[in-house]
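All remarks here apply to the structure that follows.
The values are calculated or read from the model by the stated rules, or taken from the named source; none is laboratory data. What you are looking at is a predicted structure, and each value in this text was computed from that prediction instead of being measured. FYI the Cβ positions are ideal-geometry reconstructions off the backbone, even for glycines, and counts take in every protein chain you see.
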Amino acid sequence: MKHYSLTKGTFKYYVILFISIVIWAVLPVISKSAMGYYGPVTYAWLRALTGFLFILPLAIKNGFTFKKAFTKKSFFYGLIAFTLNTMIYHIGNNMCSANVTAISQATMPVFFLIGGMIFFKEKATPGKIAGAILATAGIMITCIGGTLIDKNTTLLGIFFVSLAPLTWTVYSIFVKKYDSETNPLEIVGYILFNGCIISFPIMMCEWAFFTGLPGISSAALLTVVFGGPLALGIANIAWTYGSTHLNSSISGLLYNFCPILGVIIAAFAGETVSALQITGCAVVVFGIIIGIKDEEVFHRKKSAAQKDHKAEP
């Protein structure tokens, strides 16, 4: 059994996950800007294309092949981890302020906690349960605050951006269970390649019935570069690598720093943040601290018990 607590040996995985979290925290603000140039499906497709082209040389060096890209498993990765996740996220973000989108992503630890219990028999300690409950409470408080100060934030939009982490949780658990030894660059290559294929006809429909052909500008291209090579390339690789070395519940709790940072970044970008939203963020942070601390205590007790058992004659 691996030891997943915060030790010298596992600290690097926390750092690696945090790199992806920082990149994703900026994404709601960048995505809101991109919506001025592209429809949500078009922006998602451009992110997948640029992200795939960015990592393709490295992915090929680490095992990616186009033959394996057309397997059922690779198609599943593209459908769940990109097409459903990204499109649900962008559609919801288009109906919310960036700070509400950011904090709504804090549903992640709830999904990870349930998934870890079902698929990996991870222990649902009181602290992790409390952390997930507090995170959910923080989301509700912050979203109420968002709807009060921003009339463009809708309940449907909040539902979509809160649901998006479910698809990412399914992907993360599937990779950990069946592909933990596969190079993250190879897996992300399959995600983005199939994401491009699956979302292309949907993008054509968006052009035909809603937005027309998109324009091109330097500002629009910058949003694509950030959303593709950085948010889908580097951040996905970092998350896939780090999350396979930590408990699912811990990965979910760490992800909650993403919405907190997102709210802060949205405030600096000029969005109004209410006292109620700040309160919600504080509740989420408290939940993170409780959950991680409880996990550390659990593993220290477990390690001590194992040492005592070995010491018995």
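Mind checking whether some residue in region 265-272 is farther than 30 Å from Y178 by Cβ, crowded, with 24+ Cβ neighbours inside 10 Å and under 13 Å from the mean Cα position of the chain (by Cα)? No, because not a single residue in region 265-272 is farther than 30 Å from Y178 by Cβ, crowded, with 24+ Cβ neighbours inside 10 Å and under 13 Å from the mean Cα position of the chain (by Cα). Being farther than 25 Å from M87 by Cα and either buried (at least 24 other Cβ atoms within 10 Å of the Cβ) or at pLDDT below 75 (or both) is a property that S303 has.
Within region 115-133, being at pLDDT 75 or above, over 30 Å from T272 (Cα atoms) and surrounded by fewer than 19 Cβ atoms within 10 Å (Cβ to Cβ) holds for M117, I118, F119, P126, I129. Of all the residues in region 66-79, those that are assigned to a helix (DSSP H, G or I) and under 17 Å from F200 (Cβ atoms) number 7. Of all the criteria given as (1) in a helix (DSSP H, G or I); (2) touching a helix residue (DSSP H, G or I) at 6+ places or on another chain (Cβ under 8 Å); (3) surrounded by fewer than 18 Cβ atoms within 10 Å (Cβ to Cβ), the one not satisfied by P214 is (1). If we keep just the residues of region 146-176 that are part of a helix (DSSP H, G or I) and more than 18 Å from the chain's Cα centre (by Cα), which is modelled with the lowest pLDDT? Across region 146-176, the extreme among qualifying residues is L148.
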